[in-house]
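Visitor: One structure follows; several queries about it will come next.
Read-outs: derived from the displayed coordinates by stated rules, not from any lab. Since the model is a prediction, treat every value here as computed from it, not as a measurement. Glycine gets a Cβ as well: all are built from the backbone with ideal geometry, and neighbour counts include every protein chain shown.
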Amino acid sequence: MADVVERHRPSSSPRQLADRLADRLEELPRLTASLPDRPRNLIALGDEALAVAGLRAMLDGPAADVTTPLRLAGRALAAAGALLGADAPLRVDLGRPEAVTLPPLAERPAGLSPRSIVRLPSVLRSGYLPASVIAGSAPAP
């Protein structure tokens with residue numbers, strides 16, 4: 001999963017991975033805050049959350065807590081899909097204290113395609129975490 005998500009170099013040191021993880025973690029709040037004005041950033045938010053999950057898995061192995069970033073990625077990508085058909089503002093719960101209200105899109109954003117929306121299920125099929133854990137309907141193993 002991690003090499004798909006982060007496209008890492010096997011020679012990367014743990015310090016380099018930790019630095020990249022810190023950079024990616026800083027982006028999540030910025031992207032979330034930008035959504036009311038830039039709903040197209042949902043795809044970037046999903047990508048960053050997937051990268052965080054991949055980097056955590058690479059750094060911590062099987063003990064990594066990747067549930068939260070994978071949930072965020074799933075919610076962001078699901079919201080992007082829902083926003084495609086919305087003709088009114090859409091309130092999105094991204095797991096933060098407050099829901100985010102997104103304006104309807106005038107046109108489909110670049111990067112928002114059926115392929116980008118269905119990427120998360122392919123990550124889940126890798127067998128790393130069951131979908132019920134990501135959806136919150138089952139406890140993590």
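Visitor: What is the extension gain from Ala106 to Thr67, computed as 0.36 nm multiplied by their sequence separation minus the C-alpha to C-alpha distance, in nm to one decimal?
Guide: Roughly 10.8 nm would be gained on extension.
Visitor: Working out 0.36 nm times the residue gap between Leu84 and Asp23, then minus their Cα-Cα distance, what length gain in nm do you get to one decimal?
Guide: Gain on extension, Leu84 to Asp23, equals 19.0 nm.
Visitor: Quick one: length gained pulling Ala33 to Ser12 fully straight, 0.36 nm per residue minus the C-alpha distance?
Guide: Gain on extension, Ala33 to Ser12, equals 4.5 nm.
Visitor: Starting with the fewest neighbours, write out Ser34, Ser11 ranked by other beta-carbon atoms found within 10 Å of each beta-carbon.
Guide: Ser11, Ser34
Visitor: To the nearest 0.05, what FRET efficiency results for Asp93 and Asp60 with a Förster distance of 22 Å applied to their C-beta separation?
Guide: Once the sixth-power term is evaluated, E becomes 0.25.
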